[in-house]
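Trainee: Before anything else, here's the structure in question.
Read-outs throughout are calculated quantities, based only on the coordinates presented, and are distinct from any laboratory measurement. As the structure is a computational prediction, the values presented were derived from the model and not from experiment. Here the Cβ positions follow ideal geometry from the backbone for every residue, glycine too, while neighbour counts run over all protein chains shown.
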Amino acid sequence: MSETIQTLLQENRSFPPSPEFIAQANVSDPEIYAKAAADPEAFWESWAKQLDWFEPWHTVCEFTPPDAKWFVGGKLNATYNCVDRHANGARKDKPAIIWEAEPGNSRTITYGELKDEVSRLANAFKALGVGKGDRVSVYMPMVPELAYVMLACARIGAAHSVVFGGFSAESLEERTNDADCKLIVTADGGWRRGHIVPLKATVDEAMDLGCPSVSHVLVLKHVGPEGTLTNGLAAPKYNEGVWQEGRDVWWHEIVPQQSTDCPCEPMDSEDLLFILYTSGSTGKPKGIVHTTGGYMTGTYATSKWVFDLKDEDIHFCTADCGWVTGHSYVVYGPMANGATVLMYEGAPDTPDKDRLWRIIEKHKATILYTAPTAIRAFMKWGTQYPDRCDMSSLRLLGSVGEPINPEAWIWYHETIGKGRCPVVDTWWQTETGAIMITALPGITATKPGSATQPFPGISVSVYSESGVGNQITGPGVTGKAGGGFLVLTKPWPSMTRGIFNDPARFQRTYWSRFENAYFAGDGVKLDEEGYLWLLGRVDDIMLVSGHNISTMEVESALVDHPSVAEAAVIGKTHDLKGQAISAFVILRGGHENHPGLVDELKGHVAHKIGALARPDDIFVCAELPKTRSGKIMRRLLRDVAEGRALGDTTTLADPAVVALLKDKYESSES
């Protein structure tokens, strides 16, 4: 790759916070960036002091790349900070979790009730032989009990490893064995688009493959005849699995009779809180390690400032707890702030494509945090679905998961937020633990498609290939505008402490590209005003006639066209150019393919960002291959475009999509 990444797309629209929002914002002083940059350790220490500690720390930070320790010597408990300190005080009767199920059931759990439920479950874990230092594999639907499991583990000092409930038995077996888990917690099944996902049967299959460290499987009855979801109606037929006496234990037969007396285990700040495996498109999944004190500090701080979190807010993060967003911004961050979180189990288009908007209307959600891939799906479905719902309770919108196209940003702002809700586009990773780059809604003038600036106390650099960089710590710190590699040069509290049982891979993956710096793997551009624009994975940078062009910028130009809801762009091997640009697009609702559309789209891209980025091929399709977390798998699209045998599709939400695309691509080539 040459020294810099070409950055061609221009976006000049700007949206400053309203005077009304500034007046009530948790932080509205722009000087906070300079203050945090002048002494990052003091800044983060001020946040750590807002948590409850059993013993104070003696050193704020010790850092010898790649190893960091924060709040050294301090002792605390994550669950105490998320539950007990609220349940023991004025928030005892405040809703902690509002849960909505796909069939329409809902439940509300107060902080007082949450403390009792988590304590009983923690005692049940102890009865099953789980204690401090053990690991627990979690394979559950998006139900309140999933949060109970995470918090019960943290209460007794066991680490949880949550595996997304859509993953295969092989994926569950691999992750369970890598973490050497003593217990698997699951449910009989979960709801998805009117069907039952057979979770217990998948656990049985994983156990048959071989999980020698697992002594028990704890099973929540969720969808069966005595389950919590079906309103007395019979659940659809599903594979219930095979009960194995001595190994399998029903939740309802062991948990309810446990005592609610279960003191929180004092944990060292650097004790393991959880392992979360990145699904990775190739190779063995990486067990990302997060510890207690620094992670809690980072998620607590970012929840409070990025979402402007208030005591009366209803915080609706649509992520599943199988992903890091569910860990940080469904459970640990908001609950450390004593917030009410809204959880939904089910699909956003069941029973109709207005489901999320109906949930917001029903429960009066004030904050919505969702992914660009979901926003683009909503665009494709059309405005009639949100327009028929009352979402006047919303006051702030967030985006997470990948760079958001400017036109998707505008649609989100205008159609969902009605032009009155600030949009905070956030960049971070499983490895960073908490949000790294984001607007602060009471300070930042946002630009559609830009994640704006680093959160206070975070140092970002834009490096060239040779490692020369500009350090960006906040507004006005512009350095040299242009494209490059996103690098973090100073430690931050919530950073991963490594890959479980594989320090060599940790060093090689994140710390070997640039000396003493964490390379996130993403490309980024810095504009003249000091705003950061994420360009996607550097693996997705195309080399076209000697120019490095970001797939994200070409995708954004395509989505800017009124016919296009979503686009995926890849570089296809080309004899003359090195790579040629191939694009796969999904049309918005109400728009149809017509003979001149492909040429029109090619011309639109050339007009928007230059002839250099004009795609050679554009294919109109119904769906794109995505992982179960919603990320487009461009690797598979490259396989399709270059006629290779299809690679591993086990992490795809719908593996059949790739085969259909391949057939369409090959028929167009003939």
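Trainee: Could you compute the FRET efficiency for E465 and L209, with r as their C-beta to C-beta distance and R0 at 56 Å, rounded to 0.05?
Mentor: 0.85
Trainee: With a 10 Å Cβ neighbour count serving as the proxy for reagent exposure, in which order, fewest first, do S303, S259, S106 appear?
Mentor: The fewest-first ordering by Cβ neighbours comes to S259, S106, S303.
Trainee: Continuing with this model, one more query. Name the residue from V219, T340, G523 whose Cα lies farthest towards the positive end of the charge dipole of the chain, charges +1 on Cβ of Lys and Arg and -1 on Cβ of Asp and Glu.
Mentor: T340
Trainee: Under a Cβ-only charge scheme (Lys and Arg +1, Asp and Glu -1), can you give me the dipole magnitude of the chain about the Cα centre, in debye to the nearest 20?
Mentor: It works out to roughly 400 debye.
Trainee: What ranking do D188, D639 get, fewest neighbouring Cβ atoms within 10 angstrom at the top?
Mentor: Exposure proxy ranking, most exposed first: D639, D188.
Trainee: Write out the chymotrypsin sites (Phe, Trp or Tyr not before Pro) in the range 455-530 meeting two conditions: DSSP loop, and at most 16 other Cβ atoms within 10 Å of their Cβ.
Mentor: W511
Trainee: Okay, moving on. Once the Cβ-Cβ distance between K126 and D663 is put in as r, and R0 is 56 Å, what FRET efficiency do you end up with, to the nearest 0.05?
Mentor: Here the calculated transfer efficiency is 0.55.
Trainee: In addition: Which loop GluC sites (Glu not before Pro) in the range 20-116, with loop taken from DSSP, have no more than 16 other Cβ atoms within 10 angstrom of their Cβ?
Mentor: Passing sites in the range 20-116 are E31.
Trainee: Put a dot 7 Å past each Cα toward the Cβ at Q384 and D352; how far apart are the dots in nm?
Mentor: My value for the distance between the label points is 1.0 nm.
Trainee: Would you mind ranking R155, R644, R505 by Cβ crowding within 10 Å, fewest neighbours first?
Mentor: R644, R505, R155
Trainee: What does the C-alpha gyration tensor say about the overall shape of the range 518-642? Classify as rounded when a/c is under 1.5, otherwise prolate if a/b is larger than b/c, or oblate.
Mentor: rounded
Trainee: How large is the dipole of the range 419-509 about the Cα centre if only Lys and Arg carry +1 and Asp and Glu carry -1, each at its Cβ, rounded to the nearest 20 debye?
Mentor: Around 80 debye, computed over the range 419-509.
Trainee: Based on the Cβ-Cβ distance of D180 and E600, what FRET efficiency does E = 1/(1 + (r/R0)^6) give at R0 = 56 Å, to the nearest 0.05?
Mentor: For R0 = 56 Å, the calculated efficiency reads 0.50.
Trainee: Pull up the cross-link candidates among the lysines for K662, meaning alpha carbon to alpha carbon under 27 Å and not fewer than 8 places away within one chain.
Mentor: K284, K380, K572, K577, K602, K626, K631
Trainee: With a ≥ b ≥ c taken as the square roots of the eigenvalues of the C-alpha gyration tensor of the range 91-239, please select rounded if a/c is under 1.5 and otherwise prolate if a/b is larger than b/c or oblate if it is not?
Mentor: Verdict is oblate for the range 91-239.
Trainee: Which of rounded, prolate or oblate describes the range 300-452 when judged by the alpha-carbon gyration tensor and an a/c cut-off of 1.5?
Mentor: Since a/c stays below 1.5, the shape of the range 300-452 is classed as rounded.
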